Amino acid sequence: MIAWGAYEKHWAWSPVGNNMSTPLTFEATTPIIQLEPKRGSYFVVVISSETIDQYPKKRSTRVVIELDDKVKYSCGLNHYGDGNFFIIIAKKHLQKLKKEVGQQVHYRIYPDPNPLGVKEPETLLILIAQDQGLKKKYDALTDGKKRSLIYGIKGVKDVDLQVKKILEFLN
């Protein structure tokens, strides 16, 4: 396991394309670390609070991360515990990158153009378009609650069951 101190020594970032017409993009090369078991043993890259503070929504920013120009996905930021943040790297991504704990990875992060970070299912869109009361309730949800609803119906193939789950969630 690589400790935080090892991360600090190797961390460097550079802003890329920081003008009003392009989103803030930051790049760095840093070691992949593994959190201790009591924190989930996740494989992560740590991102400084100074970087995240550059975004208008700060820690609430959903980002897209690109790793070594081979892996790209939407994600949220997690608190590291010392004011900094981390992004979890799934094992399947580590395998695709052919990387292990302690090895350097180059990452690029920028705000996710989709603030939810996930596509809204067609059933949900049709339902809220047809019922203004449901739309109002849906619009009042936090982005996190919207994602919970979406993930709750995403794997359901039966449209009637999707509708039932949406109605249960929103009422």
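The values are calculated or read from the model by the stated rules, or taken from the named source; none is laboratory data. Because the structure is a prediction, the values reported are computed rather than measured. Please note: Cβ atoms are built from the backbone with ideal geometry, for glycine as well, and neighbour counts cover all protein chains shown. Surface accessibility is based on the protein's heavy atoms, side chains included, excluding ligands, DNA and RNA. Shrake-Rupley method; radii C 1.70, N 1.55, O 1.52, S 1.80 Å.
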For the chain, what is the accessible area per residue in Å², given a 1.4 Å probe and the full set of protein chains?
58 Å²
Which listed residue (Ile128, Tyr107, Val118) has the Cα farthest towards the positive end of the charge dipole for region 86-141, taking +1 on Lys and Arg C-beta and -1 on Asp and Glu C-beta about the Cα centre?
Tyr107
What are the radius of gyration and Dmax of region 27-131, computed over its Cα atoms and given in Å?
15.6, 52
Mind checking which of Ile88, Ile65, Ile47 has the largest fluctuation in a GNM of the chain, springs on alpha carbons under 10 Å?
Ile88
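Using a 1.4 Å probe over the heavy atoms of the protein chains, calculate the carbon and sulfur portion of the accessible area of the chain as a whole percent.
That share works out to 53 percent.
Please go through the residue pairs Lys137/Lys165; Lys119/Lys164; Lys38/Lys154; Lys58/Lys146; Lys98/Lys154 and name each one whose alpha carbons sit more than 23 Å apart in this structure.
Lys38/Lys154; Lys98/Lys154
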Rg over Rh [alpha-carbon atoms, Kirkwood Rh] for region 85-152:
1.16
Looking at region 79-171, which GluC sites (Glu not before Pro) are DSSP coil and have at most 12 other C-beta atoms within 10 Å of their C-beta?
Glu100
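Only helical DSSP H runs with n ≥ 4 go in: add -39500 (n - 2.57) per run for the chain, normalise by residue count and round the 222 nm mean residue ellipticity to 500 deg cm²/dmol. If you can, show how the numbers build up before the last one.
Working: 7 runs with 60 residues, N = 171.
Calculated from helices alone, the mean residue ellipticity at 222 nm is -9500 deg cm²/dmol.
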